[in-house]
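Novice: One structure, pasted below without further comment.
What follows is calculated from the coordinates using simple rules that are stated; it is not laboratory data. Everything quoted here is computed from the prediction, not taken from an experiment. So basically every Cβ, Gly included, is an ideal-geometry build from the backbone, and we count neighbours across all protein chains shown.
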Ligand code: HEC
């Protein structure tokens with residue numbers, strides 16, 4: 001083969017490959033765009049929202065335990081741009097005061113517990129919908145009461161946006177939608193209702209609505225192994241577990257990473273009884289087969 005022919009064939013091969021990549025990117029862009037615009041037919045529920053000062057204060061604590069502030073939504077729930085990429089991608093956690101003053105109670109219930117926005121589209125995966133889906137009416141009512149006291153003073157934050165890179169990553173890593181995960185968690189809950197002693201049932205409720213976010217739906221650890229199975233608590237004494245929750249220091253005096261930060265900012269606000277209920281539930285052998 002002459003040098004000329006080799007060059008010609010390499011050129012055609014390169015052009016073919018490039019067209020394939022372009023076509024692939026375009027079809028992912030369209031598929032993801034369609035998925036992002038998909039709507040979910042779920043009704044919001046009108047739950048009771050208290051207005052007394054004690055309930056609002058308790059709502060603040062319930063929100064803090066779940067990281068509604070001092071986390072993704074900024075230090076004081078004022079909202080934050082969590083991520084910006086060069087391709088125009090923006091992941092924005094909205095100002096919660098702004099949202100609470102504009103959404104009805106049904107719309108707030110649906111966004112928080114079902115992962116569905118007022119326009120019917122799903123919240124982003126980063127919102128821990130599966131964890132919030134099993135919140136009780138009472139706790140959610142108090143959280144909404146507190147949310148409604150939050151100032152709506154943000155300079156308009158931009159909306160979240162998925163650029164081409166984020167769409168490809170979402171496609172490759174099988175992006176799941178909050179609305180789907182919330183529906184799965186609710187279905188699972190209906191299959192295995194909390195038929196157990198009051199204290200264990202309380203412990204299970206807390207584990208599911210506070211620890212699920214990072215320790216996985218079944219509490220057996222995050223799928224990417226960034227956090228361990230909570231069966232590790234069976235190796236903890238009650239005192240050691242108490243120190244972990246209040247000070248973020250692990251058994252044997254070990255310093256942790258993210259867990260230390262969330263314990264100090266969030267779990268230090270558990271009551272003694274809540275820590276005991278969590279400890280009892282995570283220590284009951286059958287909690288690992290629920
Ligand atoms: C925001 C994420 C997050 C949440 C929420 C969370 N954890 Fe963790 N947890 C982690 C991570 C990550 C680790 C692994 C250690 C590290 O990197 O800090 C961990 C480790 C642990 C460990 C192992 C400590 C050891 O001995 O090594 C225990 C026990 C634990 N978590 C209990 C809990 C309980 C109980 C809850 C709910 C009340 C909870 N975690 C909620 C992220 C979280």
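Novice: Quick one: check the C-alpha center-to-center distance for the stretch 7-28 versus the stretch 227-260, whole angstrom.
Specialist: The stretch 7-28 and the stretch 227-260 have Cα centres spaced 52 Å from each other.
Novice: Could you compute how fast the stretch 25-98 diffuses translationally, taking Rh as the Kirkwood radius over C-alpha pairs and applying Stokes-Einstein at 10 °C with viscosity 1.306 mPa s? Give it in µm² per second.
Specialist: 101
Novice: Another question, if that's okay. Helix-only estimate, please: 222 nm mean residue ellipticity of the chain, summing -39500 (n - 2.57) across DSSP H runs of length 4 or more and dividing by its residues, to the nearest 500.
Specialist: Dividing the helical sum by the residues of the chain leaves -15000 deg cm²/dmol.
Novice: Taking Cα pairs under 8 Å and at least six residues apart, what relative contact order does the stretch 1-158 come out at, in percent?
Specialist: Relative contact order, the stretch 1-158: 30 percent.
Novice: Using only C-alpha atoms and all pairs of different ones, pull out the Kirkwood radius for the stretch 69-212 in Å with one decimal.
Specialist: 16.4
Novice: On each of the three principal axes of the Cα atoms of the stretch 192-288, give max minus min coordinate, whole Å, ordered largest first.
Specialist: 36, 31, 23
Novice: Sticking with this one: Once the Cα gyration tensor of the stretch 122-190 is found, what semi-axes does its equivalent ellipsoid get, as square roots of 5 times the eigenvalues, in whole Å, sorted largest first?
Specialist: Numbers: eigenvalues 138, 100, 6 Å².
The equivalent ellipsoid of the stretch 122-190 has semi-axes of 26, 22, 5 Å.
Novice: Among 238, 73, which comes first, then next, by fewest other beta-carbon atoms within 10 Å?
Specialist: Lowest count first: 238, 73.
Novice: So how compact is the chain: Cα radius of gyration and Dmax in angstrom?
Specialist: Here Rg and the maximum Cα pair distance are 22.8, 87 Å.
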